[in-house]
2 protein chains.
Amino acid sequence: MKKFVNDPKQFVPQMLQGLALANPDTLTYVPDYNLIMRKDAPRDGKVSIVQGSGSGHEPAHVMTVGKGMLDAACPGDVFSAPPMDYVYETAKLLASPAGVLLLVNNYTGDRMAFEMASELAEADGLKVKTLFIDDDVAVQDSTYTVGRRGVAGNFFVMKAVGAAAEEGADLDELIRVGEKVNSVTRTMGLALTPCTPPAKGSPLFELPEDEIEIGVGIHGEPGRRRGKLGTADEMLAEILEPVVKDLPFSSGDRVALMINGLGGTPISELYLLYGRAHQQLTDRGIEIGRSYVGEYCTSLDMAGASITLVRLDDEIERLLAAPAEIGVRIF
Amino acid sequence: MKKFVNDPKQFVPQMLQGLALANPDTLTYVPDYNLIMRKDAPRDGKVSIVQGSGSGHEPAHVMTVGKGMLDAACPGDVFSAPPMDYVYETAKLLASPAGVLLLVNNYTGDRMAFEMASELAEADGLKVKTLFIDDDVAVQDSTYTVGRRGVAGNFFVMKAVGAAAEEGADLDELIRVGEKVNSVTRTMGLALTPCTPPAKGSPLFELPEDEIEIGVGIHGEPGRRRGKLGTADEMLAEILEPVVKDLPFSSGDRVALMINGLGGTPISELYLLYGRAHQQLTDRGIEIGRSYVGEYCTSLDMAGASITLVRLDDEIERLLAAPAEIGVRIF
């Protein structure tokens, strides 16, 4: 396993320590509950927004804590849901009079942890609501999921509710906004290589040199089928077509287009894919209103990419364009 | 080769097309000279800043074109210096009455292309100066270099002169600032895996499963020696110590600390390394004034990382903190 890891059990805590040390003015790491939170959260008039999931998908979600984005993220260990009691303690720490919104990608383990934590918090008298994200069109049910999986499109739900919360929207309004964005967001990905979890020390699955996994999950779960390694254009077609057909997106639509890297694919290849996708969508009469290229929701060191489309309207576009500040920046 | 590539000869142009399509309001791609430039460059009162090198190091340099950073980047093919006439044409396109500053990482091929282009441009009556960057402490001379190599620390030179140019500094002043930043910037990296250039289709060198290349160059050039794969802390020590000793950095210094990923290492591991480096430097009495974690200067899909330290003073810190806007963003 060729990775920068000390004790694999300390992989997530040591990553979070690094994140907090790099952002001493804005972020706090709370080791007891393994969470990253804004130093200025909770704030009285604002709903706190918390997202959680297994680790290994960075920057999701611990690296999108900041103004106009998340107030806190409570990650589990690599590819494991956070413990229910950590989610509960996080909700208590972030409780504001306006309430707490919990954002959860649709996986059975995460649903269970967040739903139980939410019940406990409500029993304490806290105002808590939970919103599930399920943007992956690849498969209906999957290894760890009843219903569709939540993948890179979760970024758009988080960004939109984060902006609305800064504007003062209440908990019900945030649920409306989040469900609306989720309902017009579609994603599909493919893997060129498997990923290697630090605690396992070897690849999570096998993928021959000339094969790809079409519709792969962000934990390496199987997608629709194995395909042959092809050109960038051929492989892009395998994921672009199902995403367009699913909503469907049609001529006249204005969309946000995201090319998301799965962790091991360089940004040069992501921009190449972006350009090809942009041109193909434009040829179909679909207008690209906003573009996103980079790593948003990864699968450790997996080589591969996903494509996400969001159908924009004035409200969604305004929320996506609203200012935000996070610690992860390159300049 | 598991990559998103169509025709390898079109790898760089298709990446640049994608970059321009993702930033339609701010960037222009000029296919004739394979360059990316700001739509608002050149500007009359401002020195234009141009950086060039082989491709394969993205985001350097084509993805750091923007306000407060570069006015243009002229990349070559993967790991190849840009053609001399492309650099010359770029200098002419970017020529402002205030002049053009060419930033060049110290490699023999790049030096030759930029020095010849600079002479041609001067013969045309243009005001052009060239600044060479050589921050890599690993080796004195190398495969493609007489003298030290320019690696990820080039970011700091670029950011500082970019900010100074926005403030109206003239060409001589920019040379002073750039040389000053270069003189207090030190970098060393290590590779866990080789990288695979699209046109070659196979790894550029061999690295056994239990070995690392300490002091690797960003084109896969040999460093100081091969070492054994160890823990994150053990491997970090192999590069942190030589960087600290070289300037040297000492107790009482205030520094910028960068952990740069080489392309295939996930950001989770980079933050883990950042936290360990931050603590070790703090233990030595070195204060971290600014932190940078992510990919700045990569080597295609190579797994690995480099560490850069910059000794800060008020002037350098102010220039590094100055606002900048580039197309590459994740939110």
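The values are calculated or read from the model by the stated rules, or taken from the named source; none is laboratory data. Values in this document were obtained by computation on a predicted structure and should not be read as measured data. Counting neighbours? That spans all protein chains shown, and the Cβs are built from the backbone with ideal geometry, glycine included.
Data table
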read-out: Scan of the range A:226-263 for residues that are more than 13 Å from chain B (Cβ to nearest Cβ), surrounded by fewer than 23 Cβ atoms within 10 Å (Cβ to Cβ) and within 13 Å of residue A:306 (Cβ to Cβ), ordered by number; value: A:242
read-out: Selection within the range A:270-306 - within 30 Å of residue A:199 (Cα to Cα) and among the hydrophobic types (A, V, I, L, M, F, W, C); value: A:270, A:293, A:297, A:300, A:302, A:303, A:305
read-out: Among the candidates B:39, B:9, B:3, residue that is facing chain A (nearest Cβ under 8 Å) and modelled with pLDDT of 95 or more; value: B:3
read-out: Of all residues making up the range A:1-49, the number that are of a type in the set (A, V, I, L, M), in a loop (DSSP other than H, G, I, E, B) and farther than 16 Å from residue B:275 by Cβ; value: 3
read-out: Selection status of residue A:77, in contact (Cβ under 8 Å) with a residue 24 or more places away in the chain and in contact with a Lys or Arg (Cβ under 6 Å, 6 or more places away or on another chain); value: no
read-out: Selection from the range B:201-225 of residues that are free of Cβ contacts under 8 Å to residues at least 60 places away in the same chain, of a type in the set (D, E, K, R) and away from chain A (no Cβ under 12 Å); value: B:206, B:225
read-out: Strands (runs of 3 or more DSSP E) contained entirely in the range A:233-331, each with at least 2 residues that are modelled with pLDDT of 95 or more and more than 19 Å from the chain's Cα centre (by Cα); value: A:287-294
read-out: Residue pairs meeting the criteria (Cβ under 7 Å; at least 6 apart or on separate chains; first at pLDDT 95 or above, in the range A:166-194; second surrounded by fewer than 21 Cβ atoms within 10 Å (Cβ to Cβ) and aromatic (Phe, Trp, Tyr)); value: A:194/A:205
read-out: Of all residues in the range B:291-327 being out of contact with any strand residue (DSSP E or B) (no Cβ under 9 Å at 6 or more places or on another chain) and hydrophobic (A, V, I, L, M, F, W, C), the one that is surrounded by the most Cβ atoms within 10 Å (Cβ to Cβ); value: B:319
read-out: Qualifying residue in the range A:137-152 (condition: free of Cβ contacts under 8 Å to residues at least 24 places away in the same chain and over 17 Å from the mean Cα position of the chain (by Cα)); value: yes
read-out: Considering residues of the range B:137-157 that are surrounded by fewer than 19 Cβ atoms within 10 Å (Cβ to Cβ) and not aliphatic (A, V, I, L, M) only, the residue modelled with the highest pLDDT; value: B:147
read-out: Selection within the range B:99-123 - touching a helix residue (DSSP H, G or I) at 6+ places or on another chain (Cβ under 7 Å) and either assigned to a loop (DSSP other than H, G, I, E, B) or closer than 20 Å to residue B:69 by Cα (or both); value: B:99, B:100, B:101, B:102, B:103, B:104, B:105, B:114
read-out: Number of the condition not met by residue B:188 [criteria: (1) more than 13 Å from chain A (Cβ to nearest Cβ); (2) in a loop (DSSP other than H, G, I, E, B)]; value: (2)
read-out: Any hit, the range B:175-189, residues being of a type in the set (Lys, Arg) and either over 21 Å from the mean Cα position of the chain (by Cα) or over 26 Å from residue B:270 (Cα atoms) (or both); value: yes
read-out: Residue match in the range B:130-150 (condition: more than 19 Å from residue B:300 (Cβ to Cβ) and basic (Lys, Arg)); value: yes
read-out: Filtered residues of the range B:124-136 (kept if free of Cβ contacts under 8 Å to residues at least 40 places away in the same chain and either within 15 Å of residue B:307 (Cα to Cα) or surrounded by 24 or more Cβ atoms within 10 Å (Cβ to Cβ) (or both)); value: B:128
read-out: Any hit, the range B:108-120, residues being closer than 25 Å to residue B:188 by Cβ, at pLDDT 95 or above and among the polar types (S, T, N, Q); value: no
read-out: Of the criteria (1) surrounded by 21 or more Cβ atoms within 10 Å (Cβ to Cβ); (2) part of a loop (DSSP other than H, G, I, E, B), which one residue B:160 fails; value: (2)
read-out: Pair list, Cβ under 6 Å, 6 or more apart: the range B:311-325 residue within 13 Å of residue B:291 (Cβ to Cβ), other residue assigned to a helix (DSSP H, G or I); value: B:320/B:159
read-out: Qualifying residue in the range B:54-63 (condition: away from chain A (no Cβ under 14 Å), surrounded by 24 or more Cβ atoms within 10 Å (Cβ to Cβ) and within 25 Å of residue B:261 (Cα to Cα)); value: no
